[in-house]
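Chemist: Quick one: this structure, given as structure tokens, is what I'll be asking you about.
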Amino acid sequence: MKKKVLLFGLIISFACVTMFGAGADVSPAAQKANAGGFDGSRPNQLSTTLKQVGRFVLLYIPNRVIDTTDIFTMEAGFGGVFAGEFSMTQYMQFGGENGTSYFLSKGYARQYGGGYRQATHFGMLCWMRKVAYVEDTFGTARSWVIDNPSFGVADWRLDAYRDRDVDFWAIGGRFGWLMDFAFGIHPLEITDTVLGFFCYDLMDDDLK
């Protein structure tokens, strides 16, 4: 009889330990899910998706307008500079510039503002020598450096091109004496604008 009572007590004890131990291992989130049938702390995927779709629709037209303005750039400067150059990408360029200027610009990759520019540049077809830098900028204009002092083939891997401070593939020019004016048209931005109407952001620059 004593053995039966002892065995029964061991079974009851084991069952209690198992029950309470299992309850201790359940996370608060799992307890909520078990209690109510769902976990209220988890984000609602449908709600998140609807918000994303709503923002896309709301920003669709503004993004297309901004993409269109990205196609062209303009710059005006004043200082001790002489410039006469034209390029159809840096692989097809003619002329050069020399001097310094303070400038205002609507620049590449949504750079709006101005700064100080110094450049010595000569290019012929795909060969060029260019040492240039921009500093003391304001607005969204960025500082950059192109240091290519040896006359050789234009290199699209330079930091200013790779970081999209300057567009290697631009079609444009710079002209002037004391006062200079630069303009550019950007083929990649044209492609980005066209694809944007079909919901593909090539340049990954849409407002989100």
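Nothing in this text is a laboratory measurement; each read-out follows from the coordinates by a stated rule. Predicted, not measured: the structure shown is a model, and the values here were computed from it. For neighbour counting, all protein chains shown are included, and Cβ atoms are generated from backbone atoms with ideal geometry for every residue, glycine included.
Chemist: Let me know the charge dipole size of region 72-185 about its Cα centre in debye, to the nearest 20, where only the beta-carbon of Lys, Arg (+1) and Asp, Glu (-1) is charged.
Modeler: For this selection, approximately 180 debye.
Chemist: Could I ask something else about it? Taking only the alpha-carbon atoms of region 88-163, what semi-axes of the equivalent ellipsoid follow from 5 times the gyration tensor eigenvalues under a square root, in whole Å, largest first?
Modeler: 22, 13, 11
Chemist: Quick check: net charge around G184, other residues with Cβ under 12 Å of its Cβ, Lys/Arg +1 and Asp/Glu -1?
Modeler: So the environment of G184 carries a net charge of -3.
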